[in-house]
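The values are calculated or read from the model by the stated rules, or taken from the named source; none is laboratory data. Being a predicted model, the structure only gives us computed values, none of them experimental. Note: ideal-geometry Cβ built from the backbone for every residue, glycine included; neighbour counts use all protein chains shown.
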Protein chains: 2
Amino acid sequence: MSWGVDNLPYGVFSSPGESPRVGVRYGDHVLDLTAALHDEVFAAPSLNPFMARGRAAWHDTRTLIRNKLTDDLAVTERHLIPLEQVRLHMPFEVADYVDFYCSIDHASNVGTMFRPDTEPLLPNWRHLPVGYHGRSGTVVVSGTPVKRPHGQLGAGRFGPCEKLDFEAELGFVVGVPTEMGTSSGAFEEHVFGVTLVNDWSARDVQAWEYRPLGPFLAKSFATSISPWVTPLEALPRIPGRPQDPEPVAYLRRQGDWGLDISLEVLLNGEVVSRPPYSSMYWTPDQMLAHLTVNGASLRTGDLFASGTISGPERGERGSLIELTWNGSDPIKLASGEVRSFLQDGDTVTIRATAGDLTLGEVSGTVV
Amino acid sequence: MSWGVDNLPYGVFSSPGESPRVGVRYGDHVLDLTAALHDEVFAAPSLNPFMARGRAAWHDTRTLIRNKLTDDLAVTERHLIPLEQVRLHMPFEVADYVDFYCSIDHASNVGTMFRPDTEPLLPNWRHLPVGYHGRSGTVVVSGTPVKRPHGQLGAGRFGPCEKLDFEAELGFVVGVPTEMGTSSGAFEEHVFGVTLVNDWSARDVQAWEYRPLGPFLAKSFATSISPWVTPLEALPRIPGRPQDPEPVAYLRRQGDWGLDISLEVLLNGEVVSRPPYSSMYWTPDQMLAHLTVNGASLRTGDLFASGTISGPERGERGSLIELTWNGSDPIKLASGEVRSFLQDGDTVTIRATAGDLTLGEVSGTVV
């Protein structure tokens, strides 16, 4: 079954009249972990205290939950609550939010659009995973409406964003912190799991504001994540895509951290793109190594995202700006409507699967 | 006296063997507010719960403390602890950290250095206060040693930063949050006070990494702030510097939020620069209006900084890259030593005064 014992993602839920607490999704139910495991760490309204316990605890807890749902199911059943009876909340408290730019197809598409007379990739792109800090206070859970932002669209021009876009991404959630002044490439020791991310973007605001310090208001109005955090341990891994040139030592891969995850982007219920995570150039272990190589510390709840996931094919592009080539080639929906960028009332849903495993979805409607 | 009843900045201190709690600086003492005001909000290890109470509470508390230190001094004296008997901590928990780029002299200097054949200011600069998000998890209190970061200095080049720099800035601390989807220009309702900021920068890392998404590892290794947060109410205000062109409506000034603050930057005890805050182009009310115009919410503990403060004169430049013109014109210290950028063991101290008021200092040593 979907959401079976090989999946077991963590989230935060509440029953009517009760406080939010940690649960695990199993089929169409949420397992109430506070009740099932008699552990107060799950009574918190976020995954942070549990994530801080570290890899051995994550593994042991997962094993315990599997046992409860197989050998002890008769006893555990009473702690399974139907999904339709609960509300899902932000699964963790976001400490710092970093967004990378790890898809070579995405970076090449954007480079070709905005710098048509030069090499699509900037000189640094193949040497390091380019990234920047986003606003952690506006990371919201799937289902939260996204208000179209206002902003400057050019010199003296102010109004509602006319080029509102989505970005289909994967996010990595840090459990175990590091001390300031140390670097760490020990990916599995620090990263607890993954979440789906929609990094909503105001392309017109971005084009005007981004030089020389990068995107700011074009991204800070909202970033949506899926309510379920899939443990790293559950994910099938594949070798990362070959890299040329070979990166400097701290960025050399220590294991296979390519992820064979297939995404789907739906606009008003219709699939408009199928980005393959396997096409990403920089792997998440390299993102973590880069993020900390200067001694920047990690905190429990840090979120770092992959950047837009785009594959080489047109139908694999993870943003509208790429799918419609900055609006010049609108996409036609089955309804007969066309879209260059998002309109009010549009719902964007990003889903993902990894083999038999589902990562669920992140969804949001523009209001 | 210095640090008199017209100043009264807030901080977090601990006596040996006791937990950190909130105090106010008075002369060479810290007033223990939990004891003096019988209010548990000050027993927290950060200013956040108090800052969340809002402007009326900030004003009433300030009035109360003044009374305690004047009319009731005989009773209050017992709650004054000599500074040398306490340790100072981070005064607040940083939520999101944003850094702006508000000095026209700084932006012009940097533009001239890095884009010598074009206009020093990019086309957007006079239309909006350019800003970006920094790493809130590595904001540290004055006195914390700063480890020289490692990073990529160019294609295939990795090693310790060779162009380590300081940036003298002023930071604004948010007390009262806003809802996502709303904008706010009500500066005094949201901003609690100011702190001094040293936004340490690895210039060689920055030059290689920053295109197209802005500074990342060049800044994320450490940002130092002063231990005392001066209430907005204490600061003398002046009109902001004239702006041309007039900014669009949401950026129009609602009052006089220019600040007549004089900074000093000391390198190993010697003054190397005297940046005047009065020369800033964008005022802090404009920064706040810009930050929230897209609907991005504020949280208690948000910190937004001015960007490097540089005046028009050479001796008023707030960073080494400007003082030494990217190392081409090193500064000579009284000791006979020269500096292009910071060396290990160097101590940078930024001090500030506003008329008779002192804002104290932020200091850090490179290790």
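Worth a mention:
- Residue identified as touching a Pro at 6+ places or on another chain (Cβ under 6 Å) and away from every other protein chain (no Cβ under 14 Å) among B:Gly355, B:Gly327: B:Gly355
- If you go through segment B:252-283 and keep only what is over 13 Å from B:Ser103 (Cβ atoms) and out of contact with any strand residue (DSSP E or B) (no Cβ under 9 Å at 6 or more places or on another chain), you end up with B:Arg252, B:Arg253, B:Gln254, B:Glu270.
- Restricted to segment A:56-93, and to residues there that are outside any strand (DSSP E or B) and basic (Lys, Arg), the residue that is surrounded by the most Cβ atoms within 10 Å (Cβ to Cβ) is A:Lys68.
- Residues in segment B:105-145 that are aliphatic (A, V, I, L, M), surrounded by 21 or more Cβ atoms within 10 Å (Cβ to Cβ) and closer than 18 Å to B:Gly311 by Cβ: B:Ala107, B:Val110.
- Note on segment A:296-306: among residues that are in contact with an Asp or Glu (Cβ under 6 Å, 6 or more places away or on another chain) and within 16 Å of A:Phe100 (Cα to Cα), the one that is nearest to the other protein chains (Cβ to nearest Cβ) is A:Asp302.
- When segment B:153-165 is limited to residues that are touching a residue at least 60 places away in the same chain (Cβ under 8 Å) and surrounded by 19 or more Cβ atoms within 10 Å (Cβ to Cβ), the one that is nearest to the other protein chains (Cβ to nearest Cβ) turns out to be B:Leu164.
- Only a single criterion out of (1) of a type outside the set (Phe, Trp, Tyr); (2) over 30 Å from A:Glu162 (Cα atoms); (3) in contact with a strand residue (DSSP E or B) (Cβ under 6 Å, 6 or more places away or on another chain); (4) surrounded by 23 or more Cβ atoms within 10 Å (Cβ to Cβ) is not satisfied by A:Val362, namely (2).
- Matching residues in segment A:331-347 - criterion: being in contact with a helix residue (DSSP H, G or I) (Cβ under 9 Å, 6 or more places away or on another chain) and not basic (Lys, Arg): A:Ile331, A:Ser340, A:Phe341, A:Leu342
- Annotation note: of A:Leu121, A:Leu73, A:Leu88, the sole residue that is of a type in the set (A, V, I, L, M), touching a strand residue (DSSP E or B) at 6+ places or on another chain (Cβ under 8 Å) and either farther than 19 Å from A:Ser220 by Cβ or not assigned by TED's automatic domain parsing to the domain that holds A:Trp208 (or both) is A:Leu88.
- Among the conditions (1) surrounded by fewer than 21 Cβ atoms within 10 Å (Cβ to Cβ); (2) within 25 Å of the chain's Cα centre (by Cα); (3) of a type outside the set (Lys, Arg), the only one that A:Pro149 does not satisfy is (1).
- Subset of segment A:195-217 [closer than 23 Å to A:Val173 by Cα and either in contact with a helix residue (DSSP H, G or I) (Cβ under 8 Å, 6 or more places away or on another chain) or outside the structural domain of A:His133 (by TED's automatic domain parsing) (or both)]: A:Asp199, A:Trp200, A:Ser201, A:Pro215, A:Phe216
- Applying the set (1) within 12 Å of chain B (Cβ to nearest Cβ); (2) not in a strand (DSSP E or B) to A:Thr112 leaves exactly one unmet item: (1).
- Selection from segment A:116-137 of residues that are farther than 30 Å from A:Ala249 by Cβ and within 9 Å of chain B (Cβ to nearest Cβ): A:Arg135, A:Ser136, A:Gly137
- Test: residue in segment B:72-80 that is farther than 26 Å from A:Ser136 by Cα, touching a Phe, Trp or Tyr at 6+ places or on another chain (Cβ under 8 Å) and in contact (Cβ under 8 Å) with a residue 60 or more places away in the chain: no
- Of all residues in segment B:171-180 being among the hydrophobic types (A, V, I, L, M, F, W, C) and surrounded by fewer than 24 Cβ atoms within 10 Å (Cβ to Cβ), the one that is farthest from the chain's Cα centre (by Cα): B:Met180
- Residues that are hydroxyl-bearing (Ser, Thr, Tyr), out of contact with any Gly (no Cβ under 8 Å at 6 or more places or on another chain) and either under 11 Å from A:Ile81 (Cβ atoms) or in contact (Cβ under 8 Å) with a residue 24 or more places away in the chain (or both) within segment A:1-49 comprise A:Ser14, A:Ser15, A:Ser19, listed in sequence order.
- Some residue of segment B:235-252 being among the acidic types (Asp, Glu), within 14 Å of another protein chain (Cβ to nearest Cβ) and either under 21 Å from the mean Cα position of the chain (by Cα) or surrounded by fewer than 24 Cβ atoms within 10 Å (Cβ to Cβ) (or both): yes
- Of all residues making up segment A:94-109, the number that are closer than 30 Å to B:Leu303 by Cα and part of a helix (DSSP H, G or I): 0
- Scanning segment A:264-284 for residues that are crowded, with 24+ Cβ neighbours inside 10 Å and more than 14 Å from chain B (Cβ to nearest Cβ) gives A:Val265, A:Ser273, A:Pro275, A:Tyr277, A:Met280, A:Thr283, A:Pro284.
- Qualifying positions in segment B:181-220 - facing chain A (nearest Cβ under 9 Å), assigned to a helix (DSSP H, G or I) and surrounded by fewer than 24 Cβ atoms within 10 Å (Cβ to Cβ): B:Trp208
- B:Val229 meets all of the listed conditions (1) farther than 23 Å from B:Leu323 by Cα; (2) surrounded by 22 or more Cβ atoms within 10 Å (Cβ to Cβ); (3) within 14 Å of another protein chain (Cβ to nearest Cβ) but one, namely (3).
- Filter result for A:Pro215 (in contact (Cβ under 8 Å) with a residue 40 or more places away in the chain, of a type outside the set (S, T, N, Q) and within 21 Å of A:Ile321 (Cβ to Cβ)): yes
- Condition check for A:Gly137: in the same structural domain as A:Phe304 (by TED's automatic domain parsing), modelled with pLDDT of 95 or more and closer than 24 Å to B:Val98 by Cβ: yes
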